[in-house]
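K.L.:
Attaching a single structure in structure tokens format; questions to follow.
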Ligand code: ES4
Ligand code: ZN
């Protein structure tokens, strides 16, 4: 078969990757030891066993526990560097990395420690790996809009170190409207805007992410198919969806990859991209998402090129650099 070789070798962009979700269990335990942090799991095996998720919240509980071992600038640098090495091996030429500052500042880790550690790894990847890497700061939607606004205040001295903002964490019961004011501020600052919507939440959240937050991309968005008028709008406007198939299966959005709606999303003319979300928790990095999804859905070479091209086009790099890629 030539498709797996093509999927692996194709240059691609990763646009939906939570850096805290790239912490492998072994690394979590090593950092817990190094930093004297105690974990609610006695061993790597116990942590892995706890990773039988039933929904988004059951995952987030473990994800936040895992992130609690991160304390120093070096910790954040090492985490991002580990990921960037793997991205290079998967022929990722550009990545837009999500990070969750509130998870860390709430534990007393200064914002500056988080962003300096991550940014130095991104800059190093550009120099040493030939992978371009940019940061997108995500607000936690289970917290308040005011909390997000205070986080933006803390981030302002580091404005040049990140390219955009996003919205993640528990979706149900936390509509985009909660974050209208902080996103308006971010827009004024010239930041790129994205939001998780339509992963577990209803299509109406995708609509309000577009209309109220004015985002440029939708993270996940797979539930858009429940609203044909919304699908028509997303297709007409070429709004990219950053789909994460292995994540969707692990969080029980679909029973298995064979039942994933990726094919229907593509058939509807949507600008779909494939991404890994939280690779350490969901069973694979970006190429694993491509390989397993293509095998399960029997996708062809045309789909491979379409998805890779979409990922490059949907990225926030300059149009000049895009022209050299595609
Ligand atoms: C996340 Cl899969 C997913 N959904 C929402 N928020 C998240 N944070 C990390 N992974
Ligand atoms: Zn996500």
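K.L.:
Is one or more of the residues making up region 214-224 farther than 21 Å from residue 260 by Cβ and crowded, with 23+ Cβ neighbours inside 10 Å? Before the answer, list the steps.
P.N.:
Initially, region 214-224 is screened for residues farther than 21 Å from residue 260 by Cβ, giving 214-216.
Applying the additional criterion that residues be crowded, with 23+ Cβ neighbours inside 10 Å yields 215.
Yes, region 214-224 has at least one match.
K.L.:
Name the residues in region 20-38 that are surrounded by 17 or more Cβ atoms within 10 Å (Cβ to Cβ) and either in a loop (DSSP other than H, G, I, E, B) or within 16 Å of the chain's Cα centre (by Cα) (or both), would you?
P.N.:
The answer is 20, 21, 22, 23, 24.
K.L.:
Do we find that residue 17 is surrounded by 22 or more Cβ atoms within 10 Å (Cβ to Cβ), in a strand (DSSP E or B) and within 16 Å of ligand 1 (Cβ to nearest atom) in this structure?
P.N.:
Values: surrounded by 22 or more Cβ atoms within 10 Å (Cβ to Cβ): yes; in a strand (DSSP E or B): yes; within 16 Å of ligand 1 (Cβ to nearest atom): yes.
Yes: the conditions hold for residue 17.
K.L.:
Just checking, how many residues over region 193-204 are within 16 Å of ligand 2 (Cβ to nearest atom) and outside any loop (DSSP other than H, G, I, E, B)? Can you show your working first?
P.N.:
Of the residues in region 193-204, the ones within 16 Å of ligand 2 (Cβ to nearest atom) are 193-201.
Filter once more, keeping what is outside any loop (DSSP other than H, G, I, E, B): 193-197.
Total meeting the criteria: 5.
K.L.:
If you don't mind, there's one more thing I want to ask. Pick from 110, 157, 101: which is within 16 Å of ligand 1 (Cβ to nearest atom) and over 17 Å from residue 15 (Cα atoms)? Outline the logic, then answer.
P.N.:
Values: 110 fails: within 16 Å of ligand 1 (Cβ to nearest atom); 157 fails: within 16 Å of ligand 1 (Cβ to nearest atom).
Criteria check complete, one pass: 101.
K.L.:
Across region 285-308, what is the number of residues that are surrounded by 18 or more Cβ atoms within 10 Å (Cβ to Cβ) and out of contact with any helix residue (DSSP H, G or I) (no Cβ under 8 Å at 6 or more places or on another chain)?
P.N.:
The number of residues fulfilling the criteria is 1.
K.L.:
Still on this structure, I have one more. Being in contact (Cβ under 8 Å) with a residue 24 or more places away in the chain and more than 22 Å from residue 315 (Cβ to Cβ) narrows it down to one residue among 290, 285, 281; which is it? Break it down into steps so the answer makes sense when it comes.
P.N.:
Working: 290 fails: more than 22 Å from residue 315 (Cβ to Cβ); 285 fails: more than 22 Å from residue 315 (Cβ to Cβ).
281 is the lone residue from the list that is in contact (Cβ under 8 Å) with a residue 24 or more places away in the chain and more than 22 Å from residue 315 (Cβ to Cβ).
K.L.:
Residue 129 passes all but one of (1) buried (at least 16 other Cβ atoms within 10 Å of the Cβ); (2) more than 30 Å from residue 10 (Cα to Cα); which number fails?
P.N.:
(2)
K.L.:
Still on this structure, please answer the following. Can you list the helices (runs of 4 or more DSSP H) found entirely within region 231-326 that contain at least 2 residues being at pLDDT below 95, away from ligand 2 (no atom under 16 Å from the Cβ) and within 21 Å of residue 215 (Cβ to Cβ)? Can you show your working first?
P.N.:
Values: elements: 245-250, 262-267, 279-282, 286-297, 301-313, 319-325.
The helices (runs of 4 or more DSSP H) meeting that bar are 319-325.
K.L.:
Listed residues 55, 61; which is within 16 Å of ligand 2 (Cβ to nearest atom), surrounded by fewer than 22 Cβ atoms within 10 Å (Cβ to Cβ), without any contact (Cβ under 8 Å) to a residue 12 or more places away in the chain and farther than 16 Å from residue 135 by Cβ?
P.N.:
Just a single option satisfies the conditions, and that option is 61.
The values are calculated or read from the model by the stated rules, or taken from the named source; none is laboratory data. Just so you know, these numbers come straight off a predicted model, no measurement behind them. With ideal geometry, Cβ positions are generated from the backbone for all residues, glycine too; neighbour counts draw on all protein chains shown.
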